[in-house]
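Values quoted throughout were computed directly from the atomic coordinates according to the rules given, and no laboratory measurement underlies them. Small disclaimer: the values here were computed from a predicted structure and weren't measured. A quick note on method: Cβ atoms are made from the backbone with ideal geometry, for glycine too, and the neighbour counts reach across all protein chains shown.
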Amino acid sequence: MISIWDANVELKIDDRVHVIRNAREAVACLKKYWPDNRTASYAAARKACLDAASGVVPDVEARAAFEAAAKEAGILRQT
């Protein structure tokens, strides 16, 4: 079962806002919408989110890794 994160992560990519609510949505976003600059933090976020979707790591860890990668990529929406 996929858990909803305590707080959403909002991204701004190509003038569109994407609201990510759980690890499965994060994995889809990483695959489909992520900018071409895929760094080590992208890889760490992808692994953490895949592991969280499988129940191997806590959601809080996946969310933190995803948010850090988004910040590094310059797509984290500041509210």
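Here are the numbers:
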item	result
Residues located in the range 30-49, provided they are within 14 Å of Ile20 (Cβ to Cβ) and small (Gly, Ala, Ser)	Ala45, Ala48
Given (1) surrounded by 14 or more Cβ atoms within 10 Å (Cβ to Cβ); (2) of a type in the set (Gly, Ala, Ser); (3) not in a loop (DSSP other than H, G, I, E, B), number of the condition Ser3 does not satisfy	(3)
Hits in the range 56-73 - residues which are touching a residue at least 24 places away in the same chain (Cβ under 8 Å) and more than 10 Å from the chain's Cα centre (by Cα)	Asp59, Val60, Glu72, Ala73
Residue in the range 38-79 that is nearest to Ile13 (Cα to Cα), counting only those that are assigned to a helix (DSSP H, G or I) and of a type in the set (Ser, Thr, Tyr)	Tyr42
Every pair of residues 6+ apart whose Cβ atoms lie under 8 Å, when the first sits in the range 3-19 and is without any contact (Cβ under 8 Å) to a residue 40 or more places away in the chain and on the phi < 0 side of the Ramachandran plot while the second is part of a loop (DSSP other than H, G, I, E, B) and surrounded by 11 or more Cβ atoms within 10 Å (Cβ to Cβ)	Ile4/Arg21; Ile4/Asn22; Asn8/Arg21; His18/Tyr33; Val19/Asn8
Answer from Arg46, Arg63 - the residue that is touching a Lys or Arg at 6+ places or on another chain (Cβ under 9 Å), surrounded by 17 or more Cβ atoms within 10 Å (Cβ to Cβ) and among the charged types (D, E, K, R)	Arg46
Members of the range 6-18 that are loosely packed, with under 11 Cβ neighbours inside 10 Å and either within 13 Å of the chain's Cα centre (by Cα) or among the hydroxyl-bearing types (Ser, Thr, Tyr) (or both)	Ala7
Qualifying residue in the range 20-40 (condition: without any contact (Cβ under 8 Å) to a residue 40 or more places away in the chain and touching a Pro at 6+ places or on another chain (Cβ under 7 Å))	no
Residue in the range 28-37 that is hydroxyl-bearing (Ser, Thr, Tyr) and either more than 11 Å from the chain's Cα centre (by Cα) or part of a loop (DSSP other than H, G, I, E, B) (or both) present	yes
